[in-house]
Amino acid sequence: MRLKDKVIIVTGSTTGIGKAIAKRCVEERAKVVLHGLEEELGLEVLEEVGTENGVFWNEDITTDTCAENLVKLALKTFGKLDAVVNNAAWVIASDIHTTDKEFFQKVMDINAISPFLLIQKALPELIKSKGCVLNIGSINAWSGEPNLLAYSVSKGALMTLTGNLGDSLMREYGVRVNQINPGWVLTERERERKKLHGLSDTWYEGLPKIFAPSGRILWPEEIAAACIFWLSDESGPVSGQVMTLEQHPMTGRNLPKDSSTIH
Ligand SMILES: NC(=O)c1ccc[n+]([C@@H]2O[C@H](COP(=O)([O-])OP(=O)(O)OC[C@H]3O[C@@H](n4cnc5c(N)ncnc54)[C@H](O)[C@@H]3O)[C@@H](O)[C@H]2O)c1
């Protein structure tokens, strides 16, 4: 009951981490606006959470109307808005050779600019509810993998957005903005994505300890569990913070002697 009566928009909640966040929010007694590109999957999630607890919106996040439509739907269905989870993202591989201007702009548009525009549209309602924003970034924000160039830069921009607005919106309006940077998470899509990147069909079993010290990577439900703290009143006035969820430190790792041979 940690989110009792809160109304929360979760973008990109048709699959993976967003779906786990939305389901956990409802378990904690929130009402959710589900959103994403895949209508069939979105309606399945809606059925799982129950139509009395959720509503689904199917629109590309980069359209001129999506942010406004999401906020309007929250108000029309549940009468208020307490929180926005900016989770939708284009998780896409590219490097110095394959990242052209149009592609880079599209990645930035989906992963950094659209979250900003949704916060902007939601702000009047978040001011009324003394609500909050939770951005879902990535550990790639700190520099990122070579073959995730544009994606990593977009997550760096999102992290700066969190710091900037987490400061000003809190001070001016009492609206908190925080971020979770997940490490490697085993979602339905990630399972398939890494196969396309050349890994085996069962790549997630028996990963080297350098990537997965525990023997497995994170589950979406573990990210969702941490989100509840940031969305609930338990996190008090804390704002502008970025929480990393990975199973090793991001700097100063105690790497094994043979780590240079593991890629
Ligand atoms: N899976 C991981 O290992 C991992 C690691 C770190 C960070 N993340 C981050 O977590 C979040 C969720 O990742 P995931 O792996 O669950 O992703 P996913 O690919 O499984 O799901 C992405 C969601 O975003 C939506 N989406 C994508 N582009 C959209 C667009 N243009 N308009 C509207 N909706 C759109 C999709 O419909 C879907 O609901 C993302 O922000 C991602 O960057 C994931």
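Each reported figure results from applying straightforward, stated rules to the coordinates on display, with no laboratory input. In this text the structure is predicted, and so the values were computed from the model without any measurement. Every residue, glycine as well, gets a Cβ built from its backbone with ideal geometry; the counts of neighbours run over all protein chains shown.
Quick notes
- Here the chain carries DSSP beta bridges of which approximately 0% are antiparallel, counting only pairs with both residues inside.
- Placing dummy labels 7 Å off each Cα toward the beta-carbon, the span from residue 1 to residue 72 is 3.6 nm.
- For residue 207 and residue 102, the difference between the fully extended length at 0.36 nm per residue and the C-alpha to C-alpha distance is 34.3 nm.
- Only lysines eight or more places from residue 130 in sequence, or on another chain, were considered; those with a Cα closer than 29 Å are 4, 6, 19, 23, 31, 72, 76, 80, 121, 155.
- Of all aspartates and glutamates in the structure, those lying under 19 Å Cα to Cα from residue 101, and not within fewer than 8 positions of it along the same chain, are 109.
- Ratio of the Cα radius of gyration of the chain to 2.2 N^0.38 Å, where N counts its residues: 0.99
- Computed over the chain, the per-residue total of -39500 (n - 2.57) for DSSP H runs of n ≥ 4 gives a 222 nm mean residue ellipticity of -13000 deg cm²/dmol, rounded to 500.
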